[in-house]
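All remarks here apply to the structure that follows.
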Amino acid sequence: MGSIPAWARVYVACVVLGALACLVPLPAIRTPWWVVVLLAALYAGCEQIPRYRPDGRPAPIAMGTFFPVLLAGAFLLPPPAAALVPLPGALLAPVEQRPRGLRRVWRAAQLAVALWAASQAHWSLGGRDAVVEPRFPYALVPAGAAVLVFCLVLTVLDGGILVLADRVPVRGAWRGLFLRSLAPVAVHGLAGLMMAVLLRSPFGPVAALLVLLPMYVSCWVFAHYHRERAAHQATIRALVQAVDIKDEYTRGHSERVGQASMMIARELGMADERVEVLRFAGILHDVGKLGVPTRLLRKDGPLTPQERRVIELHPEYGHEMVRGIGFLGEARSAILHHHERLDGSGYPYGLMGRQIPEFARVVAVADAFDAMTSTRSYRRARAVGAALQELERCAGSQFDPLMVEALVRALTRHGWHPAVTADDPCGNVPPVAGRARTPAQAVAGRSAEGSGAGRSAEGSGAASRRAP
């Protein structure tokens, strides 16, 4: 939601109107206002606490929304009053990205609608009486229904904003959102139910507040995970920037290979965790170029057989460089084997067919596709259709046909919108006047041109060829 499209603003306005409609009956119903004020103040305070460390410095990542407080409101209050609880906290919460005001309003309206629906489900099943008395285990039934409704409404609204504001394809906008959020929201729901029961018990509000302590600890652990993930991303960016600086002819190539690898992985139905690791594999597949002397990468003139062998060592260099980075997992095998060919004529080990790791077979296809569709100093980019035809021609000998078919299907559905780099909005390096392609660039660039897809001349459509 960086620059908000008009339709996304309309969507947010509709959700805001829905939230206001949820509040309309509020004056006409009996409401325990002390509970509303207590939970609203508690939620607002919880939203502020994660933003700061004990030393007063801003925390790198917010530790999340305190859903137990909100769900306790859904279990204790009538639907219109429950919808009121998140508004102060959401409207005052710190926001990193612009436009901050619109983001705050969106979050407040989204939570209000979700809580109204959750409270409606809870009260319709007699949940309020089950909490006040209390009646266990029956109280778990309306509470579970409220959690499901709350999670479902958030999922529907989040998917809509992803489609309209972030331009995520409709087919993938809601994929996995509900299942990923259900387990943590269910845990928060149990904590919210405990808060609601204790709040209505003789032990009072102080006992209810103690429930938040383990939840805060869990949020801290979650934030720590996100800090580690941010560190991983920073490591990847640093390595890619180093490669781009050293080999200016393929700048932006790594990010685009990562993007194409993700498209193939999603089309194959890989789990989200593997898709993320495969993206790392695509981004880092050429990191071994850091071990190749710059004079060879930029040499003007024919390469000797010995120089060629040095350049062809870059997959092994890359594998050694990332060997100790645990979070890369299967990505390390892709870095080592993405120049292998199905017919066994690739390098570094001449693996054949299924001997080549799955990730390496994905990256090989993404690598060759981006090379053919990117403008280089020695030739213009090919059309996407022509590149796909060449991949299909080489499928079975160089590329895995399953991976090629997956890329074709993904591009048919979503098109090809390469990631933008800082140097060139198209993600390509502009032609260098008066500088022709050198043999060294041809060999070093084979990581970007598919490790020799076919023996025909480049002008006749081969994905690449070896240097003379």
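Per-structure values
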{"read-out": "Largest-first ordering by accessible area, 1.4 Å probe, given options Cys14, Cys151", "value": "Cys14, Cys151"}
{"read-out": "Full-stretch length increase - Cys14, Phe203 - with 0.36 nm per residue and alpha-carbon distance subtracted", "value": "63.9 nm"}
{"read-out": "Accessible heavy-atom area order of Ser124, Ser374, highest first, probe of 1.4 Å", "value": "Ser124, Ser374"}
{"read-out": "Normalised alpha carbon radius of gyration of the stretch 243-383 [divisor 2.2 N^0.38 Å]", "value": "1.03"}
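The values are calculated or read from the model by the stated rules, or taken from the named source; none is laboratory data. Please read these numbers as outputs of a predicted model, since none were measured by experiment. For accessibility, only protein heavy atoms count, side chains too; no ligands or nucleic acids. Shrake-Rupley method; radii C 1.70, N 1.55, O 1.52, S 1.80 Å.
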